[in-house]
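Here the structure comes first, spelled out in structure tokens, and everything after it is commentary.
The values are calculated or read from the model by the stated rules, or taken from the named source; none is laboratory data. As the structure is a prediction and not an experimental result, all values here were calculated from the model. Here the Cβ positions follow ideal geometry from the backbone for every residue, glycine too, while neighbour counts run over all protein chains shown. Heads up: the accessible areas ignore ligands, DNA and RNA and are worked out on the full protein's heavy atoms, side chains in. Shrake-Rupley method; radii C 1.70, N 1.55, O 1.52, S 1.80 Å.
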Amino acid sequence: MSKKIDFSKTVFELTNEYPEIKDIMVELGFTEIVKEELRNSMGKIMTIPKGAMVKGIPMPDIIAAFMAHGFELTGEMPVMAGKAEAEQPVSNEEKPKTRTEQLKDYLKRLGKGEDLEAVRADFVKNFASVEASEIMRAEQELIKEGTPITEIQKLCDIHSALFHGATKEEKIANAEKAVEASLMKEKIAAELAKRDSFPKKDYSDKHERAAELVKITGHPLYTFTKENEALTALLEEYKTTRAEETFTKIRDISIHYAKKGDLLYPHLKVKYGVSGPSAVMWTVDDEIRDELGKLAKITERNEEWNNQTDAVLKRAEEMIYKEQNILFPICAVNFTEDEWFGIYQDSKDYALCFGVENAQWEEAENVKTEVKAGSENEIVMPGGHMTVPQLTALLNTIPVEITFIDENDINRFFNEGPKVFKRPGMAIDRDVYSCHPPKIEPMVRSILDDFKSGKRDSVQIWMDKGGRTMLVTYMAVRDKSGKYLGTTEVVQDMEFAKEHFQK
């Protein structure tokens, strides 16, 4: 039985009728469809053609995509408001054709089987550019005039070939890509120049220096090495037993990788200009962790599953070698004793990994944190005045995780206490991008750029973390005149609200 789709129905109605439509729309560029709260609100008033107008997605592309997935169009195409048609200069012989009529003529010629290149040549003579809405309007008028929707469907691929590269949206997209490529070149050049500004280090004895630190009970490299030894044992055990329990224990690797990603990679890159581990090893860590997560969700443990599992565990085994022989020795050469003290203290905030307890490092425990002079002075604000201890206690009492970065994208403040999203104290005074995996950095930059330009003031992201519903809100911080001062990130556990409304 064929699947029929009526574009006059709302997105909500269509996705309820055919859930697979959500995947098709994501492929086309309607990425917001995956947000259930938007589907349940805007989706009840928005149709696919209306969404296409907003997103600038040509209707021929949409129709072709649905046909490719086995859908047949029924009903009338909704009429969309668009840009007023520009009339051609008036001649004495005949009334000029509108742009829409000209476009319809091109489509009709194609429908009659005329050579594509011949039609394209005439099109180029008369149109420097064409808007996606104009193409859609021409399609709609053909349908109104009696052209069956099935015939329009057959022409979709030809229509796309005719107009490809000519729409204003495509030209803008191509220009944006060129700008992005130019900016990337500038970023690489700046990164290389910055790297040259760091003092050169002697790595001739890096393995010996790392070995000495590994011997210190409780030292971060001592703990990291113990975790690697435990992981090695689990990997060997799994090769023999293929036990589900062992596979589950191996997934603690995400904790081990999180500590590296928070405590080692960013500090090497920002403080010492060693960007290789953060650019390469961090990405591999994420791939291993994500692949293990996907495999854990698959219930059928067939030969293909076993092959995929063996492949990802092999990568994890290789990462152990890279840590012990590349990453840890690099850290041993660069990090100062005070920095290792900070890493040791920050590492206490992480869960137990592979059953390895955080041994006490006596020397780090005996180091007293110095309180800066003047910390007891009052801070005067328009709404009142407080001492630093009072303000600190207040911010720590609020039941949310708070982060503030300044106008230069530098981490300036984290409130204290247990956190779902770890924020090492050593990340203070580092740029915020160094605290995110490479695949997340573009999203963070996009949000901050929008805040700085005034395009947006806040962004909300709902997610599931450890089985609990979390709301992460990014907000632009501005003074009374609207000047951008920075961004705050607030993380709130919303499980209490869920439980309240489910009563």
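Quick notes on this structure:
- Scanning segment 328-366 for residues that are closer than 23 Å to residue 201 by Cβ, without any contact (Cβ under 8 Å) to a residue 60 or more places away in the chain and of a type in the set (D, E, K, R) turns up 337, 338.
- Search result, residues across segment 448-474 that are open to solvent by less than 70 Å² (accessible area, probe 1.4 Å) and part of a strand (DSSP E or B): 458, 459, 461, 463, 469, 470, 471, 472, 473, 474
- A search for C-beta distances below 7 Å between a residue of segment 245-262 that is assigned by the TED database to the domain that holds residue 352 and open to solvent by 40 Å² or more (accessible area, probe 1.4 Å) and any residue that is assigned to a helix (DSSP H, G or I) and not charged (D, E, K, R), counting only pairs 6+ apart in sequence or on different chains, returns 249/234; 251/292; 251/296.
One line per residue, one yes/no per condition, for (1) in the same structural domain as residue 497 (by the TED database); (2) within 19 Å of the chain's Cα centre (by Cα):
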residue: 377; (1), (2): no, no
residue: 413; (1), (2): yes, no
residue: 424; (1), (2): yes, no
residue: 433; (1), (2): yes, yes
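- Looking at 400, 420, 380, 388, just one residue is in contact (Cβ under 8 Å) with a residue 40 or more places away in the chain, open to solvent by 40 Å² or more (accessible area, probe 1.4 Å) and hydrophobic (A, V, I, L, M, F, W, C), and that residue is 420.
- Tallying residues that are free of Cβ contacts under 8 Å to residues at least 60 places away in the same chain and in a helix (DSSP H, G or I) within segment 295-308 yields 8.
- A count restricted to segment 331-351 and to residues that are in a loop (DSSP other than H, G, I, E, B) and among the charged types (D, E, K, R) stands at 2.
- Qualifying position, being within 23 Å of the chain's Cα centre (by Cα) and within 22 Å of residue 465 (Cα to Cα), among 405, 447: 447
- Some residue of segment 396-419 being under 19 Å from residue 260 (Cβ atoms) and at pLDDT 85 or above: yes
- Residues of segment 31-46 include at least one that is open to solvent by 80 Å² or more (accessible area, probe 1.4 Å), modelled with pLDDT of 80 or more, in a loop (DSSP other than H, G, I, E, B) and in the same structural domain as residue 14 (by the TED database).
- Of everything listed in (1) open to solvent by less than 50 Å² (accessible area, probe 1.4 Å); (2) of a type outside the set (Gly, Ala, Ser); (3) in a strand (DSSP E or B); (4) in contact with an Asp or Glu (Cβ under 8 Å, 6 or more places away or on another chain), the single unmet condition for residue 477 is (4).
- Residue tally, condition modelled with pLDDT of 85 or more, over 26 Å from residue 460 (Cα atoms) and open to solvent by 80 Å² or more (accessible area, probe 1.4 Å), over segment 1-30: 1
- Looking across segment 348-365 at every residue that is more than 24 Å from residue 245 (Cβ to Cβ) and under 32 Å from the mean Cα position of the chain (by Cα), the one that is surrounded by the most Cβ atoms within 10 Å (Cβ to Cβ) is identified as 349.
- Checklist (1) of a type outside the set (A, V, I, L, M, F, W, C); (2) out of contact with any helix residue (DSSP H, G or I) (no Cβ under 7 Å at 6 or more places or on another chain); (3) open to solvent by 20 Å² or more (accessible area, probe 1.4 Å) applied to residue 286, failing item: (3)
- Contacts under 6 angstrom Cβ, first residue in segment 12-24 being more than 17 Å from residue 61 (Cβ to Cβ), partner assigned to a helix (DSSP H, G or I) and small (Gly, Ala, Ser), 6 or more apart: 12/43
- Of the criteria (1) of a type outside the set (Val, Ile, Thr); (2) within 26 Å of the chain's Cα centre (by Cα); (3) buried (at least 16 other Cβ atoms within 10 Å of the Cβ), which one residue 279 fails: (3)
- Taken over segment 423-447, the criterion of being in a loop (DSSP other than H, G, I, E, B) and surrounded by 18 or more Cβ atoms within 10 Å (Cβ to Cβ) is satisfied by 423, 424, 430.
Yes or no, residue by residue, for (1) over 28 Å from residue 267 (Cβ atoms); (2) among the β-branched types (Val, Ile, Thr):
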site	(1), (2)
388	no, yes
393	yes, no
402	no, yes
405	no, yes
410	no, yes
419	no, no
423	no, no
429	no, no
